[in-house]
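To start, the structure under review is shown below, and the notes come after it.
Bear in mind that the values in this text are calculations on the coordinates, not laboratory data. As the structure is a prediction and not an experimental result, all values here were calculated from the model. Cβ placement follows ideal geometry from the backbone for every residue including glycine, while neighbour counts extend to all protein chains displayed.
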Amino acid sequence: MLTVWGRRSAFNVQKVLWLIGELELDHHHIDAGGAAGGLDTPDFLAMNPTGRIPVIDDDGTIVWESHTILRYLAARHGAGRFWSADPARRSHIERWMDWGHTRLEPAFMDLFWGYYRTPEDRRDAAFIADAMARSTACFRLLNDQLTGKAYLAGDALTLADIPSATTLYRYFELDIERPRLPAVEAWYARLCDRLAFRQHIMLDFSDLKGRLDY
């Protein structure tokens with residue numbers, strides 16, 4: 001049995017659970033981190049010495065770091081559906097994984113924390129405006145890249161999509177002004193038709209509003 005440790009509200013955990021859902025893998029989820037705690041126990045640190053989530057145990061194989069987990073699961077269980085054995089094709093997928101993780105996600109998380117998770121009387125308007133500008137630039141770039149195709153790496157969902165698309169539900173649910181992004185909106189609509197996306201990404205996050213703790 002595949003076991004996953006982490007908070008369902010954590011973006012990096014959601015990425016992993018979404019792929020597990022797409023792969024239709026039986027799994028056991030253990031709430032860890034945040035209010036659930038457990039990250040500083042000897043047993044957890046023996047699995048991941050950094051004390052971070054997510055962590056998986058796949059029949060004795062322990063893997064941590066979300067994007068490494070994604071690659072591992074796709075390689076071991078995906079039969080070429082989400083990753084590729086071809087180095088050129090794989091590099092196309094992985095560059096979008098890395099871009100989503102290092103460019104879009106930090107910008108959006110700054111926006112989400114600055115605007116939504118920070119109590120209104122403590123918000124920093126300049127910080128939020130900067131985060132909004134950086135997020136908008138990333139989503140405009142995605143819109144350009146998605147124009148004329150269904151997913152970032154072509155006609156089918158791959159690991160290229162998962163890091164960036166994990167932000168979409170919260171982005172479109174926030175009470176903020178957004179630019180017109182027809183290709184991103186169409187991408188999001190296609191993802192909303194996927195059961196695993198609805199189950200693991202489209203989760204109510206209203207309990208996080210105005211809350212700075214985990």
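Extension gain residue 46-residue 86, at 0.36 nm per residue separation less the Cα-Cα distance, in nm? Let's see the in-between values first.
Values: separation 40, 0.36 × 40 = 14.40 nm, distance 3.41 nm.
Length gained, residue 46 through residue 86: 11.0 nm.
Restricting to bridges with both residues inside the range 2-77, how much of the DSSP beta-bridge set is antiparallel, in percent to the nearest 5?
On the way: 8 of 12 bridges.
Roughly 65 percent of the DSSP beta bridges within the range 2-77 come out antiparallel.
I need to check one value: relative contact order of the chain, counting alpha carbon pairs closer than 8 Å and at least 6 residues apart, in percent. List each step's numbers first, then the result.
Values: 262 pairs, mean separation 52.2, N = 214.
Relative contact order, the chain: 24 percent.
Quick check on the chain: helices-only [θ] at 222 nm, where DSSP H runs of length 4 and up contribute -39,500 (n - 2.57) each and the sum goes over total residues. Nearest 500, please.
-13500 deg cm²/dmol
Place +1 on the Cβ of every Lys and Arg and -1 on the Cβ of every Asp and Glu in the chain, take the dipole about the Cα centre, and give the residue among 102, 51, 139 whose Cα lies farthest towards its positive end.
The residue sitting farthest along the positive end of the dipole is 139.
How big is the antiparallel share of DSSP beta bridges in the chain, given as a percent to the nearest 5?
Details: 9 of 13 bridges.
Antiparallel: roughly 70 percent of the beta bridges in the chain.
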